[in-house]
Amino acid sequence: MPGKQPTILAHGGAGSDNAHSDGTDRACLIGLKLLQARTPVLEAVCQTVEILEDDPRFNAGTGSRKRSDGSVRMDAACMDSRRHFGAVSAIQHIKNPIHIARAVADSEYRLLAGEDAHRYALELGFKEMDMTRVESNAPGTDTVGAVVFDGEQFAAALSTGGTGGSRPGRVGDVPLIGCGLYAGEHGAVCATGHGESITLNLTAYRTYEMLGRGIVPQEALDTALGWFKDSQDIGLLIVSQKGHAGGSNRSMAWSTLSGD
Ligand code: GLY
């Protein structure tokens, strides 16, 4: 039970190799240090996801999958329990989309998409990255994500290169509030896996609602995993004042750390 203890969980996506948990361990270590240094939760969770975006073994940032036409488009989102929410969709040629989502959370907008999101990133001073050289070597993995609790506030963040080989124009669950992630006074939830099924189940919000009813994270996780067919990959990270839980119906590199 974390009680008021700073806690962080990070994952490398449903389907990611459990052996790659050194990457999620590293992300948690950096994220926990940020929380211990009293970095605001939204900043801490986004910096944690940046570490995962920079790990080419995971499908986000530099590890993003190519769509059926060979192009790369990325989605990212973040939210904290003060209801700051920001997301980008179908953004390209940006190394760390999570930081653009973070900037959107601070703006008057909630979701920016496509070329205009890219232009917004450049206006903010973010550098372009040539994504045509991206060669992901991690088949079968999904979205990276993290949830954090600093003893008072909760936050969640997600970033993805989408589903490899998908039709251009396809957008999954990540930038849709309550689908891929949700955070509020009762906790934070992030999901990974088959975006269409995650969206139809309103997965993150319905899981969060269970926390609001006093259900402990492990029970909420088990219930949420049961909403999905065996053919639909799904993984979740959950943190509340009653504890934390993570798991997937596939392999999934994930880690957690707590500490004052
Ligand atoms: N879960 C990420 C996606 O389906 O795009």
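The values are calculated or read from the model by the stated rules, or taken from the named source; none is laboratory data. None of the values given here were measured: they were computed from a predicted structure. As a convention, Cβ positions derive from the backbone with ideal geometry for all residues, glycine included, and neighbour counts pool all protein chains shown. Please note that ligands, DNA and RNA were not included when accessible areas were found on the heavy atoms of the full protein model with its side chains. Shrake-Rupley method; radii C 1.70, N 1.55, O 1.52, S 1.80 Å.
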Heavy atoms of Ser68 accessible to a 1.4 Å probe, total area in Å² rounded to 10: 80
Relative contact order (%) - the stretch 57-105, alpha-carbon pairs under 8 angstrom, separation at least six: 32
0 to 90° range, to nearest 10: angle between helix 114-123 axis and the chain longest Cα axis: 80
Net charge, Phe228 excluded, C-beta distance under 15 Å - Lys, Arg +1, Asp, Glu -1: -3
Among beta bridges that DSSP assigns inside the chain, antiparallel share in %, nearest 5: 90
Sum of -39500 (n - 2.57) over DSSP H runs of 4+, divided by residues of the chain (222 nm, nearest 500): -8500 deg cm²/dmol
Proximal lysines relative to Lys95, as straight alpha-carbon distance under 20 Å, when same-chain residues fewer than 8 apart are discounted: Lys66, Lys127
All lysines inside 30 Å of Lys4 as judged from Cα atoms, apart from same-chain residues fewer than 8 positions distant: Lys33, Lys242
Accessible area in the full protein assembly, largest first, 1.4 Å probe, for Thr62, Thr48: Thr62, Thr48
Hydrodynamic radius by Kirkwood, which averages 1/r over all alpha carbon pairs of the chain, in angstrom: 17.2
For the chain: relative contact order, % (alpha-carbon pairs under 8 angstrom, 6 or more apart): 28
Rounded tilt (10° steps) of 41-53 against the dominant C-alpha axis of the chain: 50
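Return the loop-located trypsin sites (Lys or Arg not before Pro) in the stretch 160-220 (DSSP other than H, G, I, E, B) with at most 12 other Cβ atoms within 10 Å of their own Cβ; answer none if there are none.
Those satisfying the criteria are Arg213.
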Mean Cβ neighbour count within 10 Å, used as a protection proxy, ranking 54-61, 187-194, 149-156, 80-87 highest first: 187-194, 54-61, 149-156, 80-87
